[in-house]
């Protein structure tokens, strides 16, 4: 995302017509949420694995912190894209929530198994449970905004509606 309309930034340019302050608020909210997720979920993973030694607990905590940070940013973008695939917004809502949950579950469990997290289920259950709530609420909000705007998909995470490559809704 970028600092303002038309300006480049670390995560890409702002969509055409984006208000600079609104774009900055979205970026700050997304990055702030990602930082909070990293601290909370990384701390939980450390605590859940502390009984297996400091090295394994630190590795598990760092893995979850990084994963939570990246997923908080990436899952919103994935939901934006999945929401727009089907013609019916209701189907897009379900696809966005289910697709994000499937992607998050696969990625989270796979990485924890790969780094040798001893308590995988105990580590990922709170993360994925709260993630499922987030995915559902985010997707429902996309549906609400689409209905309010008469079918034009809104983009709370900064992706511009009607951008190149996005299918038009009827």
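None of the figures in this text is laboratory data; all of them are computed from the coordinates on show. From a predicted model like this one, the values you see are computed outputs, not experimental measurements. Positions of Cβ are backbone-derived with ideal geometry, glycine not excepted, and every protein chain shown enters the neighbour counts.
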*Please give the peptides 49-57, 87-95 ranked by average Cβ packing (other Cβ atoms within 10 Å per residue), highest first, as a rough proxy for protection.*
87-95, 49-57
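Can you tell me which of 31-38, 78-85 comes out highest on packing, and rank the rest after it, using the mean Cβ neighbours within 10 Å? Mind showing how you got there, number by number?
Details: 31-38: 16.5, 78-85: 21.2.
Order by mean packing, descending: 78-85, 31-38.
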*Shape call, segment 24-146: gyration tensor on alpha carbons, a/c limit 1.5*: prolate
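Checking the a/c ratio against 1.5 first, then a/b against b/c, what shape does the Cα gyration tensor give for segment 92-133? Present the calculation step by step, with values, prior to reporting the outcome.
Details: a/c = 5.10, a/b = 2.02, b/c = 2.53.
Oblate.
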